[in-house]
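Asks: Structure provided below as structure tokens; questions to follow.
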Amino acid sequence: MGTGNPGEHEKRHCLMEWFREAQKTARQWIFRIRGECAEAEDLLQVAWLKMLERIQRNEPIHHPWAYWRRVIQNLCHQHARGILPTVDEEAISSWPDPAPTPRAILEKAERNDFLRACLRRLSIHQRKALILYYFEGKSYQEIAREMEVSVKAVERLLAAGRKKLRVLVEKGGGF
């Protein structure tokens, strides 16, 4: 699945939102049919992968709830008979998990804390210029107006702030 289609990301996002909402109901359906939590989770994952395979083949799903329920019922019956379909691993490899891992969340928080500490060691004017430029996306002219200085002064503040920040980051072991 390529990334050239501009609406593809939005479709995936909508599908993921729909799945999050449908997941609880589907788990209850499977549990009612099969009666075991672990089986319900496994069958739920297989049902989701089957749905992804159909989407990746660009086959429309006109009634997602009805299709979803039918896939789940069929999987439950196949599981009961001991025949489960195989899942195409390649079909799902291009769908990254949208949620960051706990480790990634912790590392990002540590980087942010470190960056804040480094920013606090800059002069107030350097810090303000860097924040306005990099975090608020303001232009040199907008920063100059807000800080009541010239554009040239903004350039000097940003250059000096970046230089000092680079030294502080390197001294602190980087990110």
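Asks: Looking only at region 100-143, which residues are in a loop (DSSP other than H, G, I, E, B) and acidic (Asp, Glu)? Give the steps one after another, and end with the answer.
Replies: Taking region 100-143 and keeping what is in a loop (DSSP other than H, G, I, E, B), we get 100-101, 121-123, 136-139.
Hit for region 100-143 is Glu136, nothing else.
Asks: Let me ask you something else. Determine, yes or no, whether Glu155 is assigned to a helix (DSSP H, G or I) and surrounded by 14 or more Cβ atoms within 10 Å (Cβ to Cβ). Reasoning before the result, please.
Replies: Values: assigned to a helix (DSSP H, G or I): yes; surrounded by 14 or more Cβ atoms within 10 Å (Cβ to Cβ): yes.
Yes: the conditions hold for Glu155.
Read-outs: derived from the displayed coordinates by stated rules, not from any lab. Note that this is a predicted model, so its numbers are computed, not measured. Heads up, the Cβs are rebuilt from the backbone with ideal geometry, glycines too, and the neighbour counts pull from every protein chain shown.
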